[in-house]
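Down below is the structure, laid out as structure tokens.
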Amino acid sequence: MIRLKDITKYYTNKFIKTFVLRDINLEIKEGEFMTIMGPSGAGKSTLLNIIGMLDTASEGEYQFFDEPVHSLNEKQRTSLFHHNIGFIFQSYHLIDEMTVYENIETPLLYKKVKSSERKALVADLLDRFNIVAKKDLFPNQLSGGQQQLAAIARALIVKPKLILADEPTGNLNSKQGTEIMELLKKLNEEEGTTIIQVTHSEEKASYSDRTINLMDGWIEE
Amino acid sequence: MMFRNNLKIAYRNIIRNKVYSFINISGLAIGIASALLIMLWVEDEISFDQFNENNNKIYRLVSDWKKWDWNGFPGTPEPLGPAIKSSLPEIDNFFRIAEFDRAVFKYNDKVFYEKRGVIVDHSLFSIFSFRFKSGNPKAAFNNPDGLVISESLARKYFGNKEPLGKFIKVNDKLKMVSGVFYDMPSNSHLQFDFALPFKFISKFANIATGWNAFNFTTYVLLNPDNYRNLTKVSEKMTNIGKSNECPQVKSGVIFRLQPLSEVHLDGSGGETNYLVIGSKSNVYIFSIIAIFIFLIACINYMNLSTIKSMNRAKEVGIRKTLGAKKKQLIWQFLGESILMSFIAIIFSVIIAKLTLPLFNDLIGKNLSIDFISLKFFCKLISIILFTGLIAGSYPALYLSSFNTIKILKKELQIRTSAVSFRKILVIFQFSLSIALIFVTIIVYQQINYSKEMKLGYNKENLIYIPIVENLKNKCEVMKNKLLSNPLIKGVSAHSYNFLTSAQRAAGFRWEEMDESRKKSLDLIFSGIDYNFLMMMNIKLVEGRYFLKEDSIKKDGVFLNEAAVKDMNLKSPVGKWISLGKWKKTIIGVVKDIHFRSSRTNVEPRIYYLKDYSKNASGIILIRINGTKTSEAISLIKKEWNKINASSPFEYAFINDSYRNLYKAEIQIGTIFNSFSILAIFISCLGLFGLSKFSAEQRKKEIGIRKVLGASITGIIQNISKEFLILIIIANIIALPVALYAMKKWLQNFAYHVDLTIWPFLLSGILALLIALLTVSWQAIKAATANPVDSLRCE
């Protein structure tokens, strides 16, 4: 599904190149649950953002299914992104001015899905995640775990093939964290959604099939 | 769907950020309301006379005379109209019009002064689109005792009764109503309530006719088939004047055709009772003010939205990861600003509606807003869209261009380019406000200067009353009665109200006149009672004052210095001066007196003795005891009522009337004043928002500084400095521009204030102080906050 070849990322600041990622070669198959681990500043999030097409590599090739992402233009990349990728963040990133329902609905609006269909899809997800009662609340009225649930529901609403989770449990207590991890595991196993997560925690990593370690921008096998 | 969703978010944002929304909406609402009102006025001004069906074929004849700076003087000789109609095929029709002095109307027990009267040819009613309600114009103007009145005048005197054929006393002469016309539309530059037939002008008006008296305004209806260029027609008319031996034309007057569309905004002819004159420069000036205020309000919106973008940045980032395209985000934010301007415009319409009476007072008009017309609706929609786009475009583009990763990683800083752009906008805003303050100060200075100008005569405690009705033959009685009372210090007379008008004649000759002299001597005539110069405290340069005996001999005239200079006359006393058969001896020269407004230079003037014992006209001037004003007035009233049977008593102070000469300037001054206050208010609203944001954003920094031992004043200075520098730059930009504009404006006045450094300092310091007050409010709040609270909230 994803093939990274010699991906390198650096920032140039006053003629000094700061490398964040160096010669990353990585293959991820459809249906995999993979963890990227490593200390702060190792380049975990940057790698995730490149895979998620929010960022571009300075050098190297990126194949997503059959598409050469590195040579696509902005518009093509956005379209590819829309149809395949859902993001989950450590700090949830729900839109504060919107209710849970509206937050979950928003990606569908951008995909121009019809109203009746939208209602069905959102209702289904609310039901599955057991947050029907919370649908009219605003993010600041929810606990962290509930917010992350809503955020995951929002990521899933467009039925992405790939979910990218940047420390999804980082802000949660251990009980909530475990619940979220079990939910992700279930998604991976029952629906075959490919998941890539970034985490510091060995315990959270244990939910996944495979773990890679990043150190100073290099993969340590 | 998307739209509804965005609308909802926009609404929630407005509610959540109450202070910012309030600043944005109230600023925009005030700005739009001001612009609406001003544009209402401008629209009215430029719509004048367009209702006339012959609009494009009507011209006013004006006279140009380079030598005397006549540029579009609307006076023409009385025989000109008939002469050009009979000999020029280009002229289809014409009418002449002259002012009829205010008159007393008496019908049964109803007695009023009627001010707006004219003497006019009946063809007015076929050239202009004024219609008769009863009677027909030709017949109505065919009777020397006929009187044509307006519908509302008819209602005033006759109620619902048929006015046609009714008899009414005008200045005690019986007139018969021979026609009634519908009231003129308020945007007609010709406005009068009653008209007398021009055909019989000599019967009821003492106005000189003939080719040498430019006392009448002539309008013509051109035949568009018979001419190709206006200049040719004008030349032909001038030639007709020449062949008829018109002295003024022979010495340089050129007749010119002025299109009807230009008449209303042409102020060069001065005021008469039937003309509504606007000012072209005011139309420009007010349009500019409207645009200024509107821009200032839009800038608030741009600035506040951009800084608020920090709080919206996260939302933008999330939306992008959820699949929003840039275009969709731009539309979202544009939609928000359009919603904001929609709310603002609702308020602005309410504000405009509520303040319209006030505005009408200010401009001296009676405008109304037609709230349910399609035109008004379209105007509102276009203002909403325009404001939304103008104010929203920058924030929309700025917000939608955020880098997703940086936002989500909270790395986003407001870019330096955005900072400087915002600063430029603040500078621009304050430049406009400071310029307006500066202009206001100068306008007021000039008005004051004009009011306080040394006129050369003593205008204190000077009352004048018009010589009307029986007073015409009893001036002497009145004078003697008044002088017998100690309340009255002096009584004299002048042949017309010298503040508001001037009677002039040309073609004088005099002893030792240089025969090679080309230009004709044009003098203003002042017919005075013998003691006028003394009573007015007008200083002699040469010769002696008039004595009572001179009135019996009826000889002797005075010249002012300007006249002597123009005539190039050495030792004028004892020499003669003549105009046709009229020949007098010069017995003295007096100082130049500013009888009229400071806009014009003192013109050459001749004072001659006028007989006030019988059939007099003009005004009686009465110097009273200044400490007993009301007693003096009631004394004059008592005497008036003894003499005059029907005319209601009236009087005016020269001082007040003199001030009235500056009505236009005072009006501009008040308007500038009001709108510059609004401009600075809106600017400060914006500045308040910005400083509030700055203080919030720097809360943590200020907290740390305080923990490290910074003083409160130090912090206030720190925050305020950032904004005050902008105001100082705005000063530097605004003042030269405003200075240039005001220099031009002051050139309208022959006598004007010198520009000193004070208005600069004053407007600069004023803006700085107001800004400081606005900013320090937030700065003090931030500086006195408990650092523990501000540091914990992170």
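The values are calculated or read from the model by the stated rules, or taken from the named source; none is laboratory data. Predicted model, so just to flag it, every value in this text is computed and none were measured. Quick reminder, even Gly has a Cβ in these numbers, built from the backbone with ideal geometry, and neighbours come from all protein chains shown.
Within the stretch B:107-149, can you find the residues that are crowded, with 19+ Cβ neighbours inside 10 Å and either of a type in the set (Gly, Ala, Ser) or part of a strand (DSSP E or B) (or both)?
B:Glu114, B:Gly117, B:Val118, B:Ile119, B:Val120, B:Ser123, B:Gly135, B:Ala140, B:Gly146, B:Leu147, B:Val148, B:Ile149
Any idea how many residues of the stretch B:11-20 are more than 12 Å from B:Leu685 (Cβ to Cβ) and in contact (Cβ under 8 Å) with a residue 60 or more places away in the chain?
Within the stretch B:11-20, residues that are more than 12 Å from B:Leu685 (Cβ to Cβ) and in contact (Cβ under 8 Å) with a residue 60 or more places away in the chain number 4.
Is there a residue in the stretch B:611-618 that is surrounded by 15 or more Cβ atoms within 10 Å (Cβ to Cβ), in contact with a helix residue (DSSP H, G or I) (Cβ under 7 Å, 6 or more places away or on another chain) and closer than 30 Å to B:Tyr444 by Cα?
For the stretch B:611-618, residues surrounded by 15 or more Cβ atoms within 10 Å (Cβ to Cβ), in contact with a helix residue (DSSP H, G or I) (Cβ under 7 Å, 6 or more places away or on another chain) and closer than 30 Å to B:Tyr444 by Cα: absent.
Taking the stretch B:640-661, which residues are under 20 Å from B:Lys173 (Cβ atoms) and either surrounded by fewer than 16 Cβ atoms within 10 Å (Cβ to Cβ) or aliphatic (A, V, I, L, M) (or both)?
B:Ile643, B:Ala645, B:Ser646, B:Pro648, B:Glu650 - these are the residues of the stretch B:640-661 that are under 20 Å from B:Lys173 (Cβ atoms) and either surrounded by fewer than 16 Cβ atoms within 10 Å (Cβ to Cβ) or aliphatic (A, V, I, L, M) (or both).
For every residue, the table says whether it meets (1) within 30 Å of A:Thr106 (Cβ to Cβ); (2) buried (at least 20 other Cβ atoms within 10 Å of the Cβ); (3) at pLDDT 80 or above.
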{"residue": "B:Phe3", "(1), (2), (3)": "yes, no, no"}
{"residue": "B:Ile14", "(1), (2), (3)": "yes, no, yes"}
{"residue": "B:Asn17", "(1), (2), (3)": "yes, no, yes"}
{"residue": "B:Phe22", "(1), (2), (3)": "yes, no, yes"}
{"residue": "B:Ala35", "(1), (2), (3)": "no, yes, yes"}
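Testing A:Asp124 on (1) of a type outside the set (Lys, Arg); (2) away from chain B (no Cβ under 11 Å); (3) under 23 Å from A:Thr169 (Cβ atoms), one condition comes back false. Which one is that?
Condition not satisfied by A:Asp124: (3).
Determine which single condition B:Asp514 fails, assuming it passes every other condition in (1) among the acidic types (Asp, Glu); (2) over 20 Å from B:Ser617 (Cα atoms); (3) surrounded by 14 or more Cβ atoms within 10 Å (Cβ to Cβ).
(3)
Determine whether the stretch B:168-181 contains at least one residue that is closer than 14 Å to B:Arg116 by Cα, among the small types (Gly, Ala, Ser) and surrounded by 17 or more Cβ atoms within 10 Å (Cβ to Cβ).
No, the stretch B:168-181 contains no residue that is closer than 14 Å to B:Arg116 by Cα, among the small types (Gly, Ala, Ser) and surrounded by 17 or more Cβ atoms within 10 Å (Cβ to Cβ).
Go through the stretch B:570-585 and count every residue that is within 41 Å of the chain's Cα centre (by Cα) and either part of a strand (DSSP E or B) or buried (at least 19 other Cβ atoms within 10 Å of the Cβ) (or both).
Total satisfying the criteria: 4.
For a quick check of your reading: which helices (runs of 4 or more DSSP H) sit entirely within the stretch B:651-709 and have at least 3 residues that are over 30 Å from B:Tyr457 (Cα atoms)?
Passing ranges, in order: B:663-697, B:699-707.
Mind telling me which of the residues B:Ser520, B:Ser492 ends up being among the polar types (S, T, N, Q) and assigned to a loop (DSSP other than H, G, I, E, B)?
Sole residue among the options that is among the polar types (S, T, N, Q) and assigned to a loop (DSSP other than H, G, I, E, B): B:Ser520.
Every residue, every condition in (1) more than 19 Å from B:Ile643 (Cβ to Cβ); (2) of a type in the set (S, T, N, Q); (3) touching a Leu at 6+ places or on another chain (Cβ under 7 Å), yes or no:
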{"residue": "B:Ile441", "(1), (2), (3)": "yes, no, yes"}
{"residue": "B:Tyr444", "(1), (2), (3)": "yes, no, no"}
{"residue": "B:Tyr449", "(1), (2), (3)": "yes, no, no"}
{"residue": "B:Tyr457", "(1), (2), (3)": "yes, no, no"}
{"residue": "B:Ile463", "(1), (2), (3)": "no, no, no"}
{"residue": "B:Lys472", "(1), (2), (3)": "no, no, no"}
{"residue": "B:Glu476", "(1), (2), (3)": "no, no, no"}
{"residue": "B:Arg517", "(1), (2), (3)": "yes, no, no"}
{"residue": "B:Lys539", "(1), (2), (3)": "yes, no, no"}
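Since A:Asp216 meets every condition but one in (1) modelled with pLDDT under 90; (2) within 24 Å of A:Tyr101 (Cα to Cα), which condition does it not meet?
With respect to (1) modelled with pLDDT under 90; (2) within 24 Å of A:Tyr101 (Cα to Cα), A:Asp216 is out only on (2).
If you scan the stretch B:6-39, which residues turn out to be under 11 Å from B:Glu336 (Cα atoms) and either more than 44 Å from the chain's Cα centre (by Cα) or away from every other protein chain (no Cβ under 14 Å) (or both)?
Selection gives B:Asn6, B:Leu7, B:Lys8, B:Ile9, B:Arg12, B:Asn13.
Return the only residue of B:Val253, B:Val283 being of a type outside the set (Gly, Ala, Ser), closer than 30 Å to B:Ile240 by Cα and in contact (Cβ under 8 Å) with a residue 60 or more places away in the chain.
B:Val253
Those residues that are within 9 Å of another protein chain (Cβ to nearest Cβ), surrounded by 18 or more Cβ atoms within 10 Å (Cβ to Cβ), at negative phi and within 13 Å of the chain's Cα centre (by Cα), I need them from the stretch A:87-121; list them, please.
Once the filter is applied, which keeps residues that are within 9 Å of another protein chain (Cβ to nearest Cβ), surrounded by 18 or more Cβ atoms within 10 Å (Cβ to Cβ), at negative phi and within 13 Å of the chain's Cα centre (by Cα), the stretch A:87-121 yields A:Phe87, A:Phe89.
Where residues in the stretch B:519-558 are of a type in the set (Val, Ile, Thr) and within 17 Å of B:Tyr457 (Cα to Cα), which of them is surrounded by the most Cβ atoms within 10 Å (Cβ to Cβ)?
Restricting to residues being of a type in the set (Val, Ile, Thr) and within 17 Å of B:Tyr457 (Cα to Cα), the top hit is B:Ile528.
Among the residues of the stretch B:301-346, what is the count of those that are more than 12 Å from every other protein chain (Cβ to nearest Cβ) and among the small types (Gly, Ala, Ser)?
6
I'd like the full set of residues that are of a type outside the set (A, V, I, L, M) and at pLDDT 85 or above, limited to the stretch A:108-124.
Answer for the stretch A:108-124, where residues must be of a type outside the set (A, V, I, L, M) and at pLDDT 85 or above: A:Lys114, A:Ser115, A:Ser116, A:Glu117, A:Arg118, A:Lys119, A:Asp124.
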